[in-house]
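The values are calculated or read from the model by the stated rules, or taken from the named source; none is laboratory data. Quick caveat, the model's predicted, so the values are computed rather than measured. FYI the Cβ positions are ideal-geometry reconstructions off the backbone, even for glycines, and counts take in every protein chain you see.
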Amino acid sequence: MKASAEVCSLCEGTGWKSVSTAADRRVTRCDCRTQARGEARLASARIPKRYEHCELSNFDLGGTRESLTAAHRAARRFVEEYPLEHTGLLIVGSIGVGKTHLTVGMIKDLMLRKGISCLFYDYRDLLKQIQNSYNDSVKTTELDILRPVFETEVLVLDELGAVKPTEWVWDTVSLILNTRYNDNRTTIITTNLPNVQSRGSRNYSAKGNSEAASYAAGRETLGDRIGDRMRSRLHEMCRIIQMEGEDFRQTVKSASFPP
């Protein structure tokens, strides 16, 4: 015999609960429906299995790393203030400091607690999927791939700039970022690249710029990979979060396999 589904004690399965005030009595959507909607959105958010465990609550603050603590605090504030404050985030830091963990934690909270539609895309994977759509044997069109990227309320674009630029890459990045900017949609971006202008820019200078100077000569910048114009657009769309620390994955690997 099939067990009967558990019925919410607040709404008794109707999806609506009563809210009484001194002035009147009204109904509002029950929390159970918000949770169910959030779980459905979580299932379609494309979060990689490697990061399914990531939460803001289990983020490793790296001991006394001030920048990681500040980044974690900013991530929590972003979730709490959304959608009243919906400016995006550009999270900058070296490999393994926890940028992806933070972004996944944020969108999971937005989906489960607030019922917000979110989508996660690795930058390289997105470009590959778009390129594959040009193959005549593939039934998916470029618009089929880009429509949810354009329309989701909150988009995570992980590892921006990880692909060497071509005219097509620049055009595609510009299309995605400009469309979301014009539609006033929130975008969360991570990058391993130093957040400075292209080295060919007249305004580029590592001198006096601690972030640029911290990288070896010849290291490409975010401006090199996406263009200075798009980098400037990101600064209009996003608040900057800088994360500094050791590669957590390498630290765990070293601890697991001692010399």
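Numbers for the structure displayed
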quantity	calculated
Filter result (surrounded by 24 or more Cβ atoms within 10 Å (Cβ to Cβ) and of a type in the set (A, V, I, L, M, F, W, C)) within the range 93-109	97, 102, 104, 106, 107
Neighbours by Cβ (under 8 Å, 6+ apart or cross-chain): first from the range 157-173, closer than 16 Å to residue 142 by Cα; second in a loop (DSSP other than H, G, I, E, B) and among the aliphatic types (A, V, I, L, M)	169/163; 173/160
Residues (β-branched (Val, Ile, Thr) and either under 15 Å from residue 192 (Cβ atoms) or part of a loop (DSSP other than H, G, I, E, B) (or both)) located in the range 86-104	87, 91, 92, 95, 97, 100, 103
Residue ID - modelled with the highest pLDDT, chosen from residues in the range 34-73 that are among the hydroxyl-bearing types (Ser, Thr, Tyr) and assigned to a loop (DSSP other than H, G, I, E, B)	44
Qualifying residue in the range 115-123 (condition: among the β-branched types (Val, Ile, Thr), in contact with a Pro (Cβ under 9 Å, 6 or more places away or on another chain), surrounded by 14 or more Cβ atoms within 10 Å (Cβ to Cβ) and part of a loop (DSSP other than H, G, I, E, B))	yes
Selection status of residue 193, crowded, with 16+ Cβ neighbours inside 10 Å, touching a helix residue (DSSP H, G or I) at 6+ places or on another chain (Cβ under 6 Å), aliphatic (A, V, I, L, M) and not in a strand (DSSP E or B)	yes
Total residues in the range 124-144, condition aliphatic (A, V, I, L, M) and buried (at least 16 other Cβ atoms within 10 Å of the Cβ)	3
Of all residues in the range 151-171 being closer than 20 Å to residue 229 by Cα and assigned to a helix (DSSP H, G or I), the one that is farthest from the chain's Cα centre (by Cα)	167
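Residue-by-condition table, conditions (1) more than 23 Å from residue 51 (Cα to Cα); (2) among the charged types (D, E, K, R); (3) modelled with pLDDT of 95 or more; (4) part of a helix (DSSP H, G or I):
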position: 178; (1), (2), (3), (4): yes, no, yes, yes
position: 189; (1), (2), (3), (4): no, no, yes, no
position: 201; (1), (2), (3), (4): yes, no, no, no
position: 217; (1), (2), (3), (4): yes, no, no, no
